[in-house]
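Below is one structure, written out as structure tokens, with a few remarks after it.
The values are calculated or read from the model by the stated rules, or taken from the named source; none is laboratory data. What you see is a predicted model; the values in this text were computed from it and never measured. Note that each Cβ is placed from the backbone with ideal geometry, even for glycine, and that neighbours are counted across all protein chains shown. Quick note on the areas: whole protein, heavy atoms, side chains included, nothing else; ligands and nucleic acids left out. Shrake-Rupley method; radii C 1.70, N 1.55, O 1.52, S 1.80 Å.
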Number of protein chains: 6
Amino acid sequence: MTQVVPKQGKTTIPGNTLIVPTPEHGRELALQLARHSVQHIQPDQEVLRGGRPHYATDPDSLIEAAQVVATEFATIAAANNYWR
Amino acid sequence: MTQVVPKQGKTTIPGNTLIVPTPEHGRELALQLARHSVQHIQPDQEVLRGGRPHYATDPDSLIEAAQVVATEFATIAAANNYWR
Amino acid sequence: MTQVVPKQGKTTIPGNTLIVPTPEHGRELALQLARHSVQHIQPDQEVLRGGRPHYATDPDSLIEAAQVVATEFATIAAANNYWR
Amino acid sequence: MTQVVPKQGKTTIPGNTLIVPTPEHGRELALQLARHSVQHIQPDQEVLRGGRPHYATDPDSLIEAAQVVATEFATIAAANNYWR
Amino acid sequence: MTQVVPKQGKTTIPGNTLIVPTPEHGRELALQLARHSVQHIQPDQEVLRGGRPHYATDPDSLIEAAQVVATEFATIAAANNYWR
Amino acid sequence: MTQVVPKQGKTTIPGNTLIVPTPEHGRELALQLARHSVQHIQPDQEVLRGGRPHYATDPDSLIEAAQVVATEFATIAAANNYWR
């Protein structure tokens, strides 16, 4: 039974943990996860940079990106028991 | 093992907590989180303001933004045990 | 440590509570939350009304709006322990 | 403290309950909730029927509608403790 | 108090249960649920087949369909306590 | 009562388990699940490869794909009790 294996040398999640001390740390991690997903699907930095000016200025793309951040943050917040 | 670190001086979440006294406070926080995500992805205020008239008047963009708010609110409501 | 503060005089959530007696009340609250999000992002009623004919007749916008209602309802239903 | 009140005479949820005997009943309820949301936002049946041929044949609209059904079903399934 | 009733003869969920033995079975069920939603909204097989070549080749439609599958799978996985 | 049966020979989930040792493994699995969904809906590799250059360079498609990854990761993270 083979298991999934992360690609060597790749660091998607700093410290390889979802546990972070405060909500602000959680927001920063959510932003990083969202960015990493885009990079995994499109690892060519040139192509990625070519597209960035578009999604970073188009309001619709920005809102869609904010939706990804909100979804990642929901997971991180649950992992940290909402820093209660 | 390095951990994620929020950028200095940035305040995304007032008081750095998801715990707020009432559902109305929770809605306000959800709106702020949604706005902050857009600002983190596009920190250039000029570009952001250039785009705003579009997403603030286009009904489709408004509905997508409302979806982000709904997702952030779900997290905040769970954090506060739904103010039961 | 400053906390988030809702704007004075605004009433997004009737009675400032997510606890409602029946699922029908929950659906009505979900619809109101969805509408309020749009109004918070675009408080200018004239612009909003100008756009309404579009999203209220375009089937794609209606379906996206239904998605927001579904997301808000999920939160309200959980808050009420699903009226079990 | 005023509470939210459903519009008189409207029946969104048959029997005003999310508790249904089987997953098949749950799917049917999810479909009805999705349809009702569209009708609440656009109560004019003529306009609604005018748009239907479009979203019912356009594959993208069908997939977006399927997303709403999936979200409503998630809530109903949780309400019924997944019919375990 | 009338309750929701599934249409006779329709079988959306094989065995009328969300409980399946392994994650692979869960993925297959998620795919079937996503497909059935599209068929319920557009039961005309001719129209459906007419549209399929589009959403099955257009990458955006494929990604949206993958989102529906992900959402259905989340429900199925929770129902099965994640096959822990 | 017939139950859902995965297609023979298909391996969507390595090891047929959602339980993985670390968050990095979880991200990798989320990416694989997202990719597999697209492949199940469009199993023709030629058509799929024909479309890839588009969604892999178009920023909007990349963000939508990131949303699928975020949703799959939420399920995997919950399955692993967030690697707490």
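For region D:1-53, filtered to residues that are at pLDDT below 95, touching a helix residue (DSSP H, G or I) at 6+ places or on another chain (Cβ under 6 Å) and assigned to a loop (DSSP other than H, G, I, E, B), the residue that is most open to solvent (accessible area, probe 1.4 Å) is D:M1. Apart from one condition, B:Y82 fits all of (1) modelled with pLDDT of 90 or more; (2) outside any helix (DSSP H, G or I); the exception is (2). Taking the criterion of being open to solvent by 30 Å² or more (accessible area, probe 1.4 Å) and without any contact (Cβ under 8 Å) to a residue 60 or more places away in the chain, the residues of region C:68-84 that qualify are C:A74, C:N81, C:Y82, C:R84.
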